[in-house]
Amino acid sequence: MKHRLLLLVLLLFAFSACGGTTASAPVAPTATAESSNGDVVVDTSKLAKELFFYNWSEYINPAILADFEKEYGVKVTMTTYMSNEDMIAKVRAGNSGYDVVVPSDYAVTTMFTEGLLIKLNKCLLPNLKHMDPILLDTYFDRGNAYSVPYMYGISGIAYNKRDFPNGVDSWSVLFDPAQIARYKGKFSMLDDPRETPGAALRYLGKSLNDTNPVDLKAVQELLIAQKPFLDSYNSDNVSHKLATREYVLAHVWSGMAMQAHNGLGSQFSGNTDILFALPKEGGMIWMDNLSILRDSPNAYTAHVFINFLMRPEIAARNAEYLGYLSPNKDSVALLPQSIKELYTAGFPPDPEMMKRLEWAVRDEKTDAFNNLWAEVKGT
Ligand code: SPD
């Protein structure tokens, strides 16, 4: 009887929202008090002096890192990457020294399947309650065992309305040889093994998760034919090049179009001629997430940092600066009116757009995209 009771207590603990850390995780589940603003009461004696954040480029308001340092005395050293695959290759080698990473949906699955992430200690993440429930417990990480939402968006085409006065509605502006010859060297595609083959697949009327070898061959040919017309594969300074009119159009993540339109902090000013379109053939919807590496030297501090980023006022300042969509429902109310309007004007995908959007999945066949991408880039 005593044993059964013990078993029941253990089971209840294991399944409670705030007890999900396994023995493999370095942070023990602890009962933590909440402060008046809903944050955990942080045990400052457990904080590291420095935290190592491996993040996409141009993907955090720098003032937020400064605020974290001011409040907790922890210096955040950030290094940036351009694709999930670059980031995974780096951490897969082990002992990268990084604590927190920002994998997209399908990449979360890749990473926990390979044992690269720890299970999160939800006791240390009370600000999870601010997240939109629709964006929790998703297909790529059931129960958010390994990841919490950071930003989300869609992939499509940013264009300059002076060069395309009738707008843009099809991927053909990036793939049709007759059209792209007119603006040779003035456009880019994302430097990304899922995004660019995914866009080509949608243009060909296929799913962006299609790994049929015949279809992938057609994608490869299409991308190789496009290459001589491109400025480059570029996931880095695209917004800036759009804003300065060096590019007339580009394959982008939605926030890049917003940055080109509105500017990015003190880095560059915006150009209101830049608009964004989701092509009629459809495109990708995605979400980037915060996760802690299995070999993180500072897992406790990493939880405190992630919880800080989920405070509604912090998430709002970050989303306003970056132009991506915030999955933090309580942050949306805090956004300035101009941005809030975008949330009611179909900028987050409305049901009609959702029909044309697809999430990237990872399965045993999707490594084919890495091979295809290596072939295309090496040609
Ligand atoms: N500049 C940072 C952009 C991050 C975008 N991540 C989206 C990945 C979708 N596959």
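The values are calculated or read from the model by the stated rules, or taken from the named source; none is laboratory data. In this text, all values refer to a predicted model and were calculated from it rather than measured experimentally. Heads up, the Cβs are rebuilt from the backbone with ideal geometry, glycines too, and the neighbour counts pull from every protein chain shown. We work out accessible area using only protein heavy atoms, side chains counted, and drop any ligands, DNA or RNA first. Shrake-Rupley method; radii C 1.70, N 1.55, O 1.52, S 1.80 Å.
Each other residue within a Cβ distance under 14 Å of Y139 adds +1 if Lys or Arg and -1 if Asp or Glu, for a net charge of -3. For M111, neighbours were defined as the other residues whose beta-carbon sits under 15 Å from its Cβ, and their charges (Lys and Arg +1, Asp and Glu -1) total -3. For the chain, adding -39500 (n - 2.57) for each run of n ≥ 4 DSSP H residues and dividing by the number of residues yields -10000 deg cm²/dmol at 222 nm. Rounded to the nearest 5, the antiparallel percentage of DSSP beta bridges internal to the chain is 60%. Here is the tail figure for the chain: Cα pairs spaced more than 37 Å apart come to 22 percent of all pairs.
Restricting attention to the range 102-198, which chymotrypsin sites (Phe, Trp or Tyr not before Pro) occupy a DSSP loop and are surrounded by at most 15 other Cβ atoms within 10 Å? Taking the range 102-198 and a limit of 15 other Cβ atoms within 10 Å, the loop chymotrypsin sites (Phe, Trp or Tyr not before Pro) found are Y139.
For the range 172-259, which trypsin sites (Lys or Arg not before Pro) pass both filters: DSSP loop (anything but H, G, I, E, B) and at most 10 other C-beta atoms within 10 Å?
Numbers: sites: R182, K184, K186, R194, R202, K206, K217, K241, R245; in loops: K184, K186, R194, K206, R245.
Here no loop site has a sparse enough neighbourhood.
Spatially, the range 98-136 and the range 147-171 are offset by 27 Å when compared through their Cα centroids. Phi angles of the range 134-139 translate, via the Karplus equation with coefficients 6.51, -1.76, 1.60 and θ = phi - 60°, into HN-Hα couplings of 5, 9, 9, 6, 8, 4 Hz per residue; Gly and Pro are given as x.
Carbon-plus-sulfur fraction of the accessible area of the chain, 1.4 Å probe, in percent? Kindly include the intermediate steps, with their values, before the conclusion.
Values: 8980 of 16330 Å².
Summing carbon and sulfur atoms, their accessible area is 55 percent of the total for the chain.
Phi angles across the range 327-339 convert, under the Karplus curve 6.51 cos²θ - 1.76 cosθ + 1.60 with θ = phi - 60°, into 3J(HN,Hα) values of x, 8, 4, 7, 7, 4, 5, 8, 6, x, 3, 4, 7 Hz, Gly and Pro given as x. In this structure, the pairs whose alpha-carbon distance is over 29 Å, taken from K186/K206; K119/K280; K90/K340; K186/K365, are K119/K280; K90/K340; K186/K365. One Cα centroid belongs to the range 35-86, the other to the range 185-224; the line between them spans 35 Å.
Express the relative contact order of the chain as a whole percentage, based on alpha carbon pairs under 8 Å and six or more residues apart in sequence. Computed value for the chain: 25 percent relative contact order. 3J(HN,Hα) couplings calculated from phi for the range 235-241 with the Karplus curve 6.51 cos²θ - 1.76 cosθ + 1.60 (θ = phi - 60°) are, in sequence order, 10, 10, 9, 5, 4, 5, 5 Hz; Gly and Pro show x. Taking every Cα-Cα distance in the range 88-203 and sorting them into 5 Å bins starting at zero, the pair-distance distribution P(r) comes out as 2, 8, 16, 16, 13, 11, 10, 10, 8, 4, 1, 0 percent. Close amide H pairs (under 5 Å, H built 1.01 Å from N) link Y150 with D288, N289, L290, residues at least 5 positions away or on another chain. Of the GluC sites (Glu not before Pro) found in the range 67-171, those that fall in a DSSP loop while having at most 12 other beta-carbon atoms within 10 Å are E114. The residues packed around F308, meaning those with a beta-carbon under 13 Å from its beta-carbon, carry a net charge of -2 if Lys and Arg are +1 and Asp and Glu are -1.
Under a 5 Å amide H cut-off, with hydrogens placed 1.01 Å from N, M284 pairs with S155, E358 among residues at least 5 apart or on other chains.
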